[in-house]
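Below: the structure, in structure tokens.
FYI, it's all coordinate maths here, none of it is from the lab. Not measured: the values here are computed from a predicted model. Cβ atoms come from the backbone with ideal geometry, glycine included; neighbour counts cover every protein chain shown.
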Amino acid sequence: MAYSWFKAFHIVGIVVWFAGLFYLVRLFIYHVEANQEPEPARTILKNQYQIMEKRLYSIITTPGMLVTIAMAIGLLTTEPDVLKEGWLHVKLGFVVLLIGYHHYCKRLMKQLAEDKCKWNSQQLRALNEAPTVMLIVIVLLAVFKNNLPTDITVWGIVGLVIAMAATIQLYARKRRKDQEKLTEQVSQIPQQQGS
């Protein structure tokens with residue numbers, strides 16, 4: 001019975017943790033893009049994003065990570081023999097990367113608060129795809145364990161990463177063109193009013 005409780009709350013922790021990670025970097029993107037706004041909107045937006053980032057990180061994302069880790073430890077205490085499995089070592093390696101990503105987000109959050117962040121919105125969009133890839137690999141390892149069909153899986157993950165990167169680039173290109181079009185329309189308004 002303990003195993004089922006640990007597993008249930010481990011899944012809940014994962015959902016909360018990933019929801020926080022996905023949204024946190026999205027807030028970073030908006031935070032960086034706020035620099036393009038005129039004052040006082042720029043300051044208002046940046047202050048609001050900073051509050052949202054801190055709350056999300058402290059109240060949702062970090063507790064989700066802690067619940068996930070605590071419940072994983074509980075699972076391992078109920079089935080210690082699984083520690084001998086190769087798939088679990090790989091999965092734990094990805095979890096360590098994910099924990100590193102989590103803490104790197106805290107570092108980015110501090111840099112954004114101090115206006116020292118060097119990342120642009122396009123780079124942050126690419127960074128935002130990292131937990132998606134890690135989630136896919138972690139879930140596949142948990143489901144398939146040592147029977148992971150690596151040939152199909154590897155190509156699927158590579159294809160997914162390429163598709164996400166292409167989507168990010170296309171979206172950024174579309175936004176640039178839309179912004180250029182809007183700027184052009186705005187610049188034509190004084191000319192039209194003068195005639």
Cα-based helix-to-principal-axis angle, 150-194 vs the chain, degrees rounded to 10: 20
Give me the net charge for the shell around Ser187: Cβ to Cβ below 14 angstrom, other residues only, Lys and Arg +1, Asp and Glu -1. -1
Nearest-0.05 FRET efficiency for Lys7 and Ala172 at R0 = 35 Å, using Cβ-Cβ distance, is 0.30
To the nearest 10 degrees, how steep is helix 2-33 against the longest Cα principal axis of the chain, on a 0 to 90 scale? 20
Quote the FRET efficiency, to the nearest 0.05, computed for Leu66 versus Val133 with a Förster distance R0 of 30 Å and r equal to the Cβ-Cβ distance. 0.85
If I fit a long axis through the Cα atoms of helix 41-55 and take the longest principal axis of the Cα atoms of the chain, what angle between them do I get, 0 to 90°, rounded to 10? 10
From the Cα gyration tensor of the range 2-186, with a ≥ b ≥ c the square roots of its eigenvalues, which class applies: rounded if a/c is under 1.5, or else prolate if a/b is larger than b/c, or else oblate? oblate
